[in-house]
Structure formats: structure tokens, C-alpha cells
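Single-structure report; data block below.
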Amino acid sequence: MSAAAAVFAPGATALITGGASGVGLAIAKLCRSKGMKLLLVDRNAEALEKAKAEVGSSSSDVATSVLDVSKPDDWTSLKDQATKAFGSIELLVLNAGIGGRGTWGDADYFRNILETNLFGVIHGINTFLPVVQEAAKSRPTSVVITGSKQGITNPPGNPAYNASKSAVKTLAEHLSWDLRDTKTSVHLLVPGWTYTGMTGGGLTKEKPAGAWAPEQVADYLYKKMEQDKFYVICPDNETAEETDKKRMLWSVGDIIKERPPLTRWRPEWKEEATETIAKTQI
């Protein structure tokens with residue numbers, strides 16, 4: 001087992017934001033299956049209680065905390081709670097995020113998404129990285145940050161969300177570089193189409209055939225951590241890993257070939273983009 005996957009060890013503690021549902025809850029279940037302790041963090045108190053019951057424990061090994069990741073003071077309180085309850089944090093999963101739609105001139109749209117998706121990650125790193133590094137003196141430790149394919153290929157229509165996830169990617173890359181000579185691994189988790197509450201999923205609707213379940217994302221994360229991979233770009237039942245890579249190459253080509261931005265979606269470029277992506281060899 002690699003150093004990265006070794007963080008999933010009995011007795012180690014995972015702190016997971018956005019841990020009450022979706023991918024966060026799936027990672028929590030993975031952690032519990034490995035004998036880990038949990039601190040589940042979410043702003044939805046009711047969902048947290050359901051999640052705690054779902055991971056199958058009412059013991060002191062599983063704690064919850066209602067927290068708004070955009071508020072620095074909440075993080076200070078969480079650090080006190082975490083260190084008192086568990087003493088150490090070996091796995092820090094910064095997964096909380098929100099969607100939303102808006103446009104230019106809508107300040108609240110930009111502020112709300114950036115404060116949660118971007119500053120929620122910044123606050124989490126600034127608060128808990130020293131705790132994780134302290135734990136690394138005696139055990140394997142890791143930081144997992146959830147990004148989005150929209151932060152890489154940048155499809156038009158949601159500039160605040162795309163910008164937030166693009167910035168998260170950059171932060172994760174810098175964190176990985178800064179910790180390259182330490183015993184703390186860093187991983188950027190990029191789910192594909194996943195059936196969660198954030199993407200329109202729900203208990204009353206059937207999962208679309210093309211989407212992955214959150215548990216598949218968690219399993220894929222574990223697999224890539226076994227391989228010591230930083231980029232965890234998840235496929236789904238509609239989009240293969242090779243297709244994602246081809247699309248990313250086309251997007252980078254806008255810069256290299258001095259094309260206009262976002263040519264993949266421009267009518268005058270769409271046919272060429274589609275044909276080139278299909279022919280690209282990976």
C-alpha cells in the first residue's frame with residue numbers, strides 16, 4: 001500500500017466538510033469501512049444527524065459539527081472541537097461546495113459562490129494544515145480537495161462557479177508543491193457526473209444511467225490514492241477518462257494556438273473541435 005492510501009487506517013481521524021450527503025458522505029463511509037474516526041462537517045444540522053446514523057455509529061468515534069465554511073470564526077471553533085475530541089486529524093477532506101446561477105452585475109452570486117467554494121478551502125487549509133502536519137510526525141496524512149471539471153474545461157454559462165473551481169485547482173497544485181518533501185500527500189478530486197443533491201439527485205428520483213453514484217467516486221479516489229496520484233479525474237457512465245483528457249487538450253490549445261477562448265462551444269469552431277477531439281490520440 002502506498003503512503004497516500006495508508007491514511008485510511010484504523011484509529012486515524014478524517015475531517016470531511018460537506019460530509020452530510022453526496023460525495024462527502026460516501027468518503028465518510030469509505031473511511032468508516034477502514035476503521036477510521038470521523039468528524040462530519042456541514043451547514044445542514046438535520047442532514048448531519050441522518051449522516052451520522054447512516055455511517056453506522058453513535059459512538060465517540062463519529063462526531064458532527066454544524067459549520068459555514070465561508071466564516072473564519074466557525075473554523076476556529078471547529079479546530080478547538082476537533083483537537084479536544086480526537087487529538088489529531090490525519091485526513092482532511094475539503095469537499096463543501098455550492099452551485100447557483102447568476103450573471104454579471106449580480107454581486108451576491110459571485111460573492112456567495114466564491115466565499116464558499118474558494119474561501120471555504122482556504123480557511124480549511126489555513127486552520128487545519130498545522131494539525132495535519134503535526135499528525136504526520138507519527139502517521140500518514142493527506143489532504144483531499146474537491147474540484148470540478150468546470151474548473152478545468154471552463155464551459156460557458158456559470159462564471160462564478162467555474163472561477164471558484166479553477167482557483168481551487170490552482171490552490172491544490174500549490175499545496176502539493178509546497179508539501180512535496182513532507183509526509184502529507186495532497187489530492188485534487190474531480191468528480192464526473194455524479195448523482196447527488198447538488199446535481200439534482202434525491203431520494204424520490206432514479207439515478208440517471210449516465211451518472212456515477214457517490215460511492216463510485218469515493219472508491220475511485222481510494223484507487224488513485226493507492227497509485228499516489230494527485231489528479232483524481234473521475235469518469236462516469238457517459239464520459240470516459242480518455243474523453244476528458246482530449247477535451248482538456250483542446251481547451252489548452254485555445255491558448256497555444258491563439259484561438260478565441262472557449263472555442264469548443266463557439267458555433268464557428270464547434271465542428272472542428274468535435275472532429276479534432278475525436279481523432280486525438282492519448
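We did not get these values from a lab; they are worked out from the coordinates using the rules stated. Keep in mind that what you see is a predicted model, and the values were worked out from it rather than measured. Heads up, the Cβs are rebuilt from the backbone with ideal geometry, glycines too, and the neighbour counts pull from every protein chain shown.
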Open item on the list: Using the Cα centre of the range 74-115 as the reference point, and only Cβ charges (+1 on K/R, -1 on D/E), how large is the resulting charge dipole? Debye, rounded to the nearest 20.
Closed with: 60
Open item on the list: Checking the cross-link filter: which aspartates and glutamates have an alpha carbon closer than 14 Å to that of Lys84, excluding same-chain neighbours under 8 positions apart?
Closed with: Asp61
Open item on the list: Helix 119-135 against the longest principal axis of the chain: what's the angle in degrees, Cα atoms only, rounded to the nearest 10?
Closed with: 50
Task: Spatial extent of the range 43-186: Rg and Dmax, with the Cα atoms as the point set, Å - done: 16.4, 50
- [ ] Take each of the peptides 100-108, 172-180, 125-133, 14-22, average the number of other beta-carbon atoms within 10 Å over its residues, and list them starting from the highest.
- [x] 14-22, 125-133, 172-180, 100-108
Open item on the list: Is the C-alpha gyration tensor of the chain telling us rounded, prolate or oblate? Criteria: a/c under 1.5 is rounded; beyond that, a/b larger than b/c is prolate, otherwise oblate.
Closed with: prolate
Open item on the list: So for the range 17-129, averaging the separation of alpha carbon pairs under 8 Å that are six or more residues apart and normalising by length, what relative contact order in percent results?
Closed with: 26
TODO: Show that you can apply the helix-only estimate: for the chain, add -39,500 (n - 2.57) for every DSSP H stretch of four or more residues, divide by all residues, and state [θ] at 222 nm to the nearest 500.
DONE: -14000 deg cm²/dmol
- [ ] Quick one: angle between helix 72-86 and the longest Cα principal axis of the chain, in degrees between 0 and 90, rounded to 10, please.
- [x] 50
Task: For the range 228-280, diffusion coefficient by Stokes-Einstein and Kirkwood Rh (Cα), 20 °C, 1.002 mPa s, µm²/s - done: 178
Task: Qualifying trypsin sites (Lys or Arg not before Pro) in the range 192-277, DSSP loop, other Cβ atoms within 10 Å at most 10 - done: Lys205, Lys257
Task: Backbone HN-Hα couplings from phi across the range 274-279 [Karplus 6.51/-1.76/1.60, Hz, Gly and Pro as x] - done: 4, 5, 5, 4, 5, 8
Open item on the list: For Cα pairs less than 8 Å apart in space and 6+ apart in sequence, what is the mean separation divided by the residue count of the range 5-238, i.e. the relative contact order in percent?
Closed with: 19
Task: Karplus (6.51, -1.76, 1.60) ³J(HN,Hα), θ = phi - 60°, over the range 182-191, in Hz, Gly and Pro reported as x - done: 10, 9, 10, 8, 10, 9, 9, 8, 10, x
Task: With Cα atoms, 0 to 90° folded angle of helix 159-178 axis to the chain main axis - done: 60
- [ ] List every residue whose amide H lies under 5 Å from the amide H of Lys37, counting only residues 5 or more places away in sequence or on a different chain, with H placed 1.01 Å from N in the peptide plane.
- [x] Gly11, Ala12, Thr13, Ala14
